[in-house]
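To keep things clear, I will list the structure first and then write my remarks on it.
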Amino acid sequence: MRTLTYLTLDKDVLQLRQTEVDAFAPSISGGLLTAADCGYDEARKVWNGTVDRRPALIARCLNNADVRSAVRFASAHRMLVSVRGGGHHIAGNAVAEGGLMIDLSGMRTVSVDAGTRTAHVGPGALLGDFDRAAQAYALATPLGINSTTGVAGLTLGGGFGWLTRRYGMTIDNLLAATVVTADGEVRVASENSDPDLFWAVRGGGGNFGVATSFEFRLHPVGPEIYAGLIVYPFAQAQRVLRAWRDFTNDAPNELSVWGLLRKAPPLPFLPASLHGTAVVVLVVAYSGDVAAGQYAAAPLLKFGKPVGSALGPTLYAAFQSAFDPLLTPGGRNYWKSNNFRSLTDSALDVVIESAAQLPGPECEIFLVQLGAAMARVDSSATAYVARDTNYIMNVHGRWSNPCDDDRIRAWARQVFRNAAPYATGSGYVNFLTDDESERVVASYGINYPRLQMAKRQFDPDNLFRMNLNIKPAAPGAVQRSPIRAPTTLPEPAE
Ligand SMILES: Cc1cc2nc3c(=O)[nH]c(=O)nc-3n(C[C@H](O)[C@H](O)[C@H](O)COP(=O)(O)OP(=O)(O)OC[C@H]3O[C@@H](n4cnc5c(N)ncnc54)[C@H](O)[C@@H]3O)c2cc1C
């Protein structure tokens, strides 16, 4: 009798009978793949090229019924299960070695209602899909900065980008999510329906079930915004970054300016002599009126002597994919990140010293500017807790030769350690690597006990553990402080 080897939740190696697989297969509309099937290798690939895992089964789901069936099958066999949205997470948790991968990449629809300024988005949609559909009506919601990132994972972990200072995080614009929980039930979570689940999925990652649909609030944005890059030579890094930090203290909410330290790519507006040398880049996005953006961004050109700039009216949808060429899928990646309330001169010096030792042409350090609308939301209003994070340093170790694995990982870890004394100690689960599970509790801070209670309610056996995992509260455990009623988020200013 033919069998298929698989891994259980407890990492035991067991066998599925072929008859069991055959009985399961017809319930998955997009098909059930094993290693013997065409398309298997493509389906198990994720963005981070260091992740090379071989699931026993890949369920290509196309609707709620498929997802229910996959969840019930995994649960019945105590099979290790992973969920793939856009496949972008650095830790590669979308793929379970020896497990069942619930592949949502076929559920990629985005439907926009311009009248109500809302969008319904499938869990396989990428940011580019969402932005293109919403920009047809000059609408948008805050998303990330790389158009091939999945909406699902980004949203479940929190989500921020160029619009966050103006309109909050992605989760602050989530109106409802449909979730298939571990018991196979389909629940619609919103402020008025399953509010505890709604609270938990706004930052709690994929811990509470498989999200099969999201409803978002949209805002008028673009189609043109004032955006682009200002490039300074690395020798001016200290002066430029200190001026940038001071500038960000009173920047308008429409304006986001992120710092980027890396070796210059061959951008046409930079002199060829500069290509491949370290530079400091100010990345500018003003989402309001274009003329006001030009005025607001003008001081940024005077922080030193720029070696080049490309700043002007730009299609918002185009700017949303401006970084795609630097972040292509398949590269080897190891990231480390710290959250900061403020950036002292000493903290900036650590960043500059680290960038002076960039270990490769694709390595970079991003300094993300947050605050404003994101910080107006109470820390306990959603599972995402770190509302006091005004800046994030994201160290991108990125390379192509496996021989560089240890060297570049060591650099990223060292930068993280050196910056840690200036950081808050919290983290962003969407940026944590597969060796950072010990940072999960600190990343959720005061919200962790409530998340554990929600985990016990919606996934008591921890079926969904291929993520930055929240452990279910022990049976009988009670939360010491009462669970607060879901807070209605302040409506962001238009
Ligand atoms: C190049 C790059 C740029 C980025 N830029 C930003 C940025 O600007 N802003 C920002 O906030 N973040 C950013 N991120 C981080 C990004 O938010 C996370 O990587 C996010 O998890 C990606 O979502 P995904 O669906 O593509 O990933 P996946 O790897 O598919 O999933 C990530 C996690 O979520 C779970 N999951 C995915 N879909 C579902 C679902 N439908 N139901 C339940 N669980 C699910 C997975 O199991 C996995 O644990 C970036 C990441 C990369 C690699």
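Which of the following residues is acidic (Asp, Glu) and closer than 26 Å to Val179 by Cβ: Asp10, Asp22, Asp37?
Result: Asp10 is the single residue among Asp10, Asp22, Asp37 that is acidic (Asp, Glu) and closer than 26 Å to Val179 by Cβ.
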Counting only residues that are open to solvent by 40 Å² or more (accessible area, probe 1.4 Å) and basic (Lys, Arg), how many does the range 317-352 have? 2
All but one of (1) assigned to a loop (DSSP other than H, G, I, E, B); (2) open to solvent by less than 40 Å² (accessible area, probe 1.4 Å) hold for Pro252, so report the exception by its number. (2)
Can you name every residue in the range 1-33 that is open to solvent by 30 Å² or more (accessible area, probe 1.4 Å) and either in contact with a His (Cβ under 9 Å, 6 or more places away or on another chain) or of a type in the set (Val, Ile, Thr) (or both)? Thr3, Thr5, Val13, Leu14, Thr19, Glu20
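Checking the conditions here, which among Leu274, Leu260 is out of contact with any Phe, Trp or Tyr (no Cβ under 8 Å at 6 or more places or on another chain) and either at negative phi or in contact (Cβ under 8 Å) with a residue 24 or more places away in the chain (or both)? Before you say what the answer is, go through the steps one by one.
Working: Leu260 fails: out of contact with any Phe, Trp or Tyr (no Cβ under 8 Å at 6 or more places or on another chain).
From the options Leu274, Leu260, the qualifying one is Leu274.
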Condition first: outside any strand (DSSP E or B) and in contact (Cβ under 8 Å) with a residue 60 or more places away in the chain. Now tell me which residues in the range 232-243 satisfy that. Phe234, Gln236, Ala237, Gln238, Arg239, Val240, Leu241, Arg242, Ala243
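Are there any helices (runs of 4 or more DSSP H) wholly within the range 1-94 with 1 or more residues that are more than 30 Å from Tyr428 (Cβ to Cβ) and basic (Lys, Arg), and if so which? Please lay out each step first, then the result.
Numbers: elements: 18-24, 40-43, 64-76.
Output list reads 64-76.
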For the range 362-377, indicate whether the set of residues that are open to solvent by less than 10 Å² (accessible area, probe 1.4 Å), part of a helix (DSSP H, G or I) and not β-branched (Val, Ile, Thr) is non-empty. yes
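Looking at the range 280-316, which of the residues that are part of a helix (DSSP H, G or I) and either within 15 Å of the ligand (Cβ to nearest atom) or charged (D, E, K, R) (or both) is surrounded by the fewest Cβ atoms within 10 Å (Cβ to Cβ)? It would help to see each step written out before you state the result.
Here is the first cut: in the range 280-316, the ones part of a helix (DSSP H, G or I) are 290-302, 316.
Then drop every residue that is not either within 15 Å of the ligand (Cβ to nearest atom) or charged (D, E, K, R) (or both), which leaves 302, 316.
Details: Lys302: 10, Tyr316: 22.
The extreme case among them is Lys302.
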Residues of the range 59-85 being within 21 Å of Phe130 (Cβ to Cβ) and either away from the ligand (no atom under 15 Å from the Cβ) or touching a Phe, Trp or Tyr at 6+ places or on another chain (Cβ under 8 Å) (or both), in sequence order, are Val83
Can you pull out the helices (runs of 4 or more DSSP H) entirely within the range 388-494 that have at least 2 residues that are closer than 30 Å to Leu348 by Cα and at pLDDT 95 or above? 405-419, 440-444
Looking only at residues in the range 125-143 that are of a type outside the set (A, V, I, L, M) and surrounded by fewer than 24 Cβ atoms within 10 Å (Cβ to Cβ), which one is farthest from the chain's Cα centre (by Cα)? Tyr137
Counting only residues that are closer than 20 Å to Gly331 by Cα and in contact with a Cys (Cβ under 6 Å, 6 or more places away or on another chain), the range 49-107 contains a total of 0
Residue that is farthest from Ile90 (Cα to Cα), among those in the range 451-483 that are surrounded by 19 or more Cβ atoms within 10 Å (Cβ to Cβ) and touching a Ser or Thr at 6+ places or on another chain (Cβ under 8 Å): Phe458
Failed condition for Gly204, given (1) within 9 Å of the ligand (Cβ to nearest atom); (2) buried (at least 24 other Cβ atoms within 10 Å of the Cβ): (1)
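Of everything in the range 398-435, what is of a type in the set (S, T, N, Q), more than 16 Å from the ligand (Cβ to nearest atom) and within 16 Å of Gly49 (Cβ to Cβ)? Give them in sequence order.
Going residue by residue through the range 398-435, those that are of a type in the set (S, T, N, Q) are 400-401, 414, 418, 424, 426, 430, 433.
Next cut, more than 16 Å from the ligand (Cβ to nearest atom) only: 401, 414, 418, 424.
Hit for the range 398-435 is Asn401, nothing else.
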How many residues does the range 128-164 contain that are hydrophobic (A, V, I, L, M, F, W, C) and touching a helix residue (DSSP H, G or I) at 6+ places or on another chain (Cβ under 6 Å)? 5
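With the requirement that a residue be among the small types (Gly, Ala, Ser) and in contact with a strand residue (DSSP E or B) (Cβ under 7 Å, 6 or more places away or on another chain), what does the range 110-135 give you? Break it down stepwise before answering.
Kept after step one, since they are among the small types (Gly, Ala, Ser), are these residues of the range 110-135: 111, 114-115, 119, 122, 124-125, 128, 133-134.
Answer for the range 110-135, where residues must be among the small types (Gly, Ala, Ser) and in contact with a strand residue (DSSP E or B) (Cβ under 7 Å, 6 or more places away or on another chain): Ser111, Ala114, Ala119, Gly122, Ala125, Ala133, Ala134.
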Could you grab the pairs with beta carbons closer than 9 Å, sequence gap of 6+ or different chains, first residue in the range 100-111 and modelled with pLDDT of 95 or more, second one open to solvent by less than 30 Å² (accessible area, probe 1.4 Å) and among the aromatic types (Phe, Trp, Tyr)? Leu100/Tyr6; Leu100/Phe73; Val110/Phe130
For the range 207-225, give me each residue that is within 14 Å of the ligand (Cβ to nearest atom) and β-branched (Val, Ile, Thr). Val210, Thr212
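The values are calculated or read from the model by the stated rules, or taken from the named source; none is laboratory data. A quick note: this is a predicted structure, and the numbers were derived from the prediction, not measured. Every residue, glycine among them, receives a Cβ derived from its backbone with ideal geometry; neighbour counts consider all protein chains shown. Remember, those area values only see protein heavy atoms, side chains included, never the ligands or the DNA or RNA. Shrake-Rupley method; radii C 1.70, N 1.55, O 1.52, S 1.80 Å.
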